[in-house]
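A short worksheet on the structure shown next.
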Amino acid sequence: MQMTMRWFGPGHDPVTLQQIRQVPGIVGVITTLYNKLPGERWEVAEIKALKETVEKSGLKLSGIESVNVHDAIKTGGAERDKYIDIYIETLENLGKQDIHLVCYNFMPVFDWTRSDLAKMREDGSTVLAYDQKAIDAINPDDMFASISKQSGGHTLAGWEPERMARLKELFAMYKGIDEEKLLANLGYFLTRLMPVCEKYNINMAIHPDDPAWSVFGLPRIVTGKEKLLRILQNVDNPHNGVTLCTGSLGSNPQNDIPDIISALKGRIHFAHVRNVRHTAPGVFEESAHLSSDGSLDMFAIMKALYDIGFRGAVRPDHGRAIWGETGMPGYGLYDRALGVAYLNGLYEAIDKMS
Ligand SMILES: [Mn+2]
């Protein structure tokens, strides 16, 4: 298992590479070219510069999260082949720089969704939280304003203002796109990517939808075991794989995460490990990583990953905001570092007892 942390890059992330390097057990970071909009080609020089920045700190660039997918690809629009060509060129450029892991998502219009980015907990820490009733009360047009108002001035991954400014147009693009069409469009996209993935040994790792159900009436297809298996079977190539995000899948209490991990053996290329606490149907908050603080059994999750022979990149996922730290919601240093220490402890115990 390669323990990593997500890093948003110079000028974006208040957390430094030096700080990340001092977290015990961290070997690399997962990062991205944060300024790139979906559909833009990543040039070799830009990737090289990013990689050099990371490596200068003594860390490895363990993977990209994310290379975002243009809406024309998700909707199967007239320009999809043009944008898939660009995506392939980006993968080629990443492969040439010895980067072999690409996380992406296939969510229509909105990326991850929360009703509260700083819900106060009893101990004074704050967490990202979701309440379906609160989401239902928001007009989708106001969703971006609601998220950005709470972002502390940071541009949040998946909530780029450039895209959100075209919200009406985006909703119009997805008119008539149901789950089956979205799944077919994903299959088309992946089929076209597989040759370049094979050539450069790049693993594509789709991130589950967050939360793992439909919001604002938009279709969502990466929500649970059956759907994940369908995506993998649709394009049955080992390079078509999954980012096992326990928090996203775990937003739905029906999802049995260790069971999903076993079912996806060989096709999990990246893991986001964090805990969530279910408080009522459709209501959850992101807890500390510790099993007893949330609803997920983190030992069982780490054990399942160990048992399927998963040895790829892992990162703690969102953390709480604690000890007065301010920063990108969910991506402070302190609680993610606590998460790393805990996951390392679980892993060491599992490994030594196996
Ligand atoms: Mn995740």
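The values are calculated or read from the model by the stated rules, or taken from the named source; none is laboratory data. All of these numbers come straight from a predicted model, not from anything done at the bench. Here Cβ is always computed from backbone atoms with ideal geometry, including for glycine, and neighbour counts include all displayed protein chains.
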Among Lys133, Lys199, Lys119, Lys175, the single one that is part of a strand (DSSP E or B) and away from the ligand (no atom under 16 Å from the Cβ) is Lys119
Restricting the stretch 229-254 to residues that are surrounded by 23 or more Cβ atoms within 10 Å (Cβ to Cβ) and aliphatic (A, V, I, L, M), the one nearest to Asp111 (Cα to Cα) turns out to be Leu249
By residue number, the members of the stretch 307-324 that are touching a residue at least 24 places away in the same chain (Cβ under 8 Å) and either acidic (Asp, Glu) or more than 16 Å from the ligand (Cβ to nearest atom) (or both) are Asp307, Ile308, Gly309, Arg311, Asp317, Ala321, Ile322
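State whether the residues of the stretch 163-172 include one that is touching a residue at least 12 places away in the same chain (Cβ under 8 Å) and within 16 Å of the ligand (Cβ to nearest atom). Spell out how you get there, then give the answer.
Within the stretch 163-172, the subset touching a residue at least 12 places away in the same chain (Cβ under 8 Å) is 163-164, 167-168, 170-171.
After this cut, where a residue has to be within 16 Å of the ligand (Cβ to nearest atom) as well, the list is none.
So far as the stretch 163-172 goes, no, none of its residues is touching a residue at least 12 places away in the same chain (Cβ under 8 Å) and within 16 Å of the ligand (Cβ to nearest atom).
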Every listed condition ((1) farther than 29 Å from Val15 by Cα; (2) away from the ligand (no atom under 16 Å from the Cβ); (3) in contact with a strand residue (DSSP E or B) (Cβ under 9 Å, 6 or more places away or on another chain)) holds for Val222 save (2)
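Every residue in the stretch 202-229 that is part of a loop (DSSP other than H, G, I, E, B), closer than 24 Å to His100 by Cβ and over 15 Å from the mean Cα position of the chain (by Cα), please.
Quick first cut of the stretch 202-229, residues part of a loop (DSSP other than H, G, I, E, B) only: 202, 207-224.
Those still in the list that are closer than 24 Å to His100 by Cβ too: 202, 207-208, 222.
Matches in the stretch 202-229: Ile202 only.
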Practice prompt. Would you confirm whether any residue within the stretch 95-110 is part of a helix (DSSP H, G or I), touching a helix residue (DSSP H, G or I) at 6+ places or on another chain (Cβ under 6 Å) and modelled with pLDDT of 90 or more?
Written response: yes
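Would you say Asn185 is loosely packed, with under 12 Cβ neighbours inside 10 Å and not charged (D, E, K, R)?
Details: loosely packed, with under 12 Cβ neighbours inside 10 Å: no; not charged (D, E, K, R): yes.
Criteria not met by Asn185.
Can you pull out every residue in the stretch 178-195 that is over 17 Å from Arg80 (Cα atoms) and either in a helix (DSSP H, G or I) or of a type in the set (Phe, Trp, Tyr) (or both)?
Within the stretch 178-195, the subset over 17 Å from Arg80 (Cα atoms) is 178-180, 195.
Selection gives Glu179, Glu180, Pro195.
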Matching residues in the stretch 287-319 (of a type in the set (D, E, K, R), modelled with pLDDT under 95 and touching a strand residue (DSSP E or B) at 6+ places or on another chain (Cβ under 6 Å)) number 1
Listed by range, strands (runs of 3 or more DSSP E) wholly within the stretch 1-81 having at least 2 residues that are modelled with pLDDT of 95 or more, under 22 Å from Asn93 (Cβ atoms) and of a type in the set (D, E, K, R) are 60-65
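Can you tell me which residue in the stretch 19-77 is nearest to Met204 (Cα to Cα), limited to those that are touching a strand residue (DSSP E or B) at 6+ places or on another chain (Cβ under 8 Å) and of a type in the set (Asp, Glu)?
Residues of the stretch 19-77 that are touching a strand residue (DSSP E or B) at 6+ places or on another chain (Cβ under 8 Å), as a first pass: 20, 23, 25-32, 50-51, 54-55, 59-69.
Narrowing further to those that are of a type in the set (Asp, Glu): 55, 65.
Numbers: Glu55: 23, Glu65: 10 Å.
Going through the qualifying residues, I end up with Glu65.
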Of (1) closer than 29 Å to Met5 by Cα; (2) among the charged types (D, E, K, R); (3) away from the ligand (no atom under 16 Å from the Cβ), Arg192 fails just (1)
The condition of being of a type outside the set (Val, Ile, Thr) and more than 17 Å from the chain's Cα centre (by Cα) holds, among Phe270, Phe310, only for Phe310
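Among the residues of the stretch 253-276, count how many are touching a strand residue (DSSP E or B) at 6+ places or on another chain (Cβ under 9 Å) and either of a type outside the set (Lys, Arg) or within 16 Å of the ligand (Cβ to nearest atom) (or both). Quick ask: steps written out before the conclusion?
Initially, the stretch 253-276 is screened for residues touching a strand residue (DSSP E or B) at 6+ places or on another chain (Cβ under 9 Å), giving 253, 257, 260-261, 264, 266-276.
Filter once more, so that each one left must be either of a type outside the set (Lys, Arg) or within 16 Å of the ligand (Cβ to nearest atom) (or both): 253, 257, 260-261, 264, 266, 268-276.
Of the residues in that region, 15 qualify.
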Picking from Lys149, Lys133, the residue that is surrounded by fewer than 14 Cβ atoms within 10 Å (Cβ to Cβ), among the charged types (D, E, K, R) and touching a Ser or Thr at 6+ places or on another chain (Cβ under 9 Å) would be Lys133
Cβ pairs under 7 Å, 6+ apart or interchain, first in the stretch 230-245 and assigned to a helix (DSSP H, G or I), second small (Gly, Ala, Ser) and away from the ligand (no atom under 16 Å from the Cβ), ordered by first then second residue, are Asn234/Gly187
